[in-house]
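What follows is a set of notes on a single structure, which appears directly below.
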């Protein structure tokens with residue numbers, strides 16, 4: 001019988017969740033900084049999120065795909081989150097083993113946030 005997720009498992013995953021939260025906010029702020037209407041921002045975010053979901057390994061493994069698709073996949077933040085989450089939930093790894101992904105996600109979030117803050121304007 002499968003066991004339920006325990007509190008210590010959630011503690012292992014929390015830094016990755018926070019890093020993705022930061023990246024999500026950064027991307028949203030980046031998009032909102034340049035677009036004038038909410039409807040256009042929603043459309044652009046959908047255009048960006050669907051390819052990211054397809055290429056990140058959320059729905060299927062990228063192992064058998066074209067090398068170019070795998071390269072693009074490694075550039076996406078969601079790929080690193082999925083890899084880290086699988087390592088924690090499936091392999092039982094701790095924060096130390098997924099720290100490279102957490103640092104990378106945090107760095108991506110910080111860079112995007114700085115760019116978004118720089119280009120943001122009040123209209």
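Read the figures in this text as sums done on the coordinates, not as results from a lab. Note that the structure is predicted; figures quoted are calculated from it, not measured. Cβ placement follows ideal geometry from the backbone for every residue including glycine, while neighbour counts extend to all protein chains displayed.
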Pseudo-spin-label distance residue 39 to residue 120, built 7 Å along Cα→Cβ, given in nm, is 2.6 nm
Pairwise centroid distance, computed over Cα atoms, of the range 54-123 with the range 30-45, Å: 22 Å
For the range 11-113, take the alpha-carbon Rg, divide it by the Kirkwood Rh, and send me Rg/Rh. 1.00
